[in-house]
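Notes for the one structure printed next.
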Amino acid sequence: MSKSKISKSTNLPGEYVSKLLQKLNKHGLVYSIKGTKGGYGLNRKPEDITLLQVLNIFDGPPTLVDCLRKDFKDCGRINFCNPIIGTMKNVEREIRGILEKVNFRDHLRVRI
């Protein structure tokens, strides 16, 4: 499907769609075909692409609190927050599990 058709189908500006597609291409979720009859296609079946995979590409792993991020630097409040950190880890695990179940076969409006 062409970038312009994706742009029209999603009601998103062409430049924005182009940047999204470039990033998805770089991470192997889509392929591109150059030329006048070129466009984009999915590298995997829609049911094999999860919302978590896409979120990871654009935002990194979802985290509810900064202290659970891999690149977290000590903020000086760890003793204050420590009692709830385990609970927050469990909540994040549940959210990731839900996001892994959401696939593009069931939710993709634009057929690529």
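Miscellaneous remarks
- Taking amide H as placed 1.01 Å from N in the peptide plane, the amide H of Ile49 sits under 5 Å from that of Phe104, Arg105, each at least 5 places away or on another chain.
- Across the chain, Cα pairs under 8 Å and at least six residues apart give a relative contact order of 30 percent.
- When each of Lys23/Lys73; Lys23/Lys45; Lys8/Lys45; Lys73/Lys101; Lys3/Lys26; Lys26/Lys101 is checked by Cα-Cα distance, pairs over 21 Å: Lys23/Lys73; Lys8/Lys45; Lys73/Lys101; Lys26/Lys101
- Charge dipole of the chain about the Cα centre (unit charges at C-beta), most positive-ward option of Val54, Gly28, Cys75: Gly28
- For the chain, the longest principal axis of the C-alpha atoms and the axis of helix 78-101 are separated by about 30°.
- Take the stretch 3-49 with all the other protein chains still there, run a 1.4 Å probe, and you get 71 Å² of accessible area per residue.
- Nearest-20 debye value, the chain charge dipole, Cβ charges on Lys, Arg, Asp, Glu: 600
- FRET efficiency, 1/(1 + (r/R0)^6) with R0 25 Å, evaluated for Cys75 and Asn11 via beta carbons: 0.05
The values are calculated or read from the model by the stated rules, or taken from the named source; none is laboratory data. Owing to the predicted nature of the structure, the values given are computational and were not obtained by experimental measurement. FYI the Cβ positions are ideal-geometry reconstructions off the backbone, even for glycines, and counts take in every protein chain you see. Ligands, DNA and RNA are stripped out before the accessible areas are found, and what is left, the full protein with its side chains, is counted by its heavy atoms. Shrake-Rupley method; radii C 1.70, N 1.55, O 1.52, S 1.80 Å.
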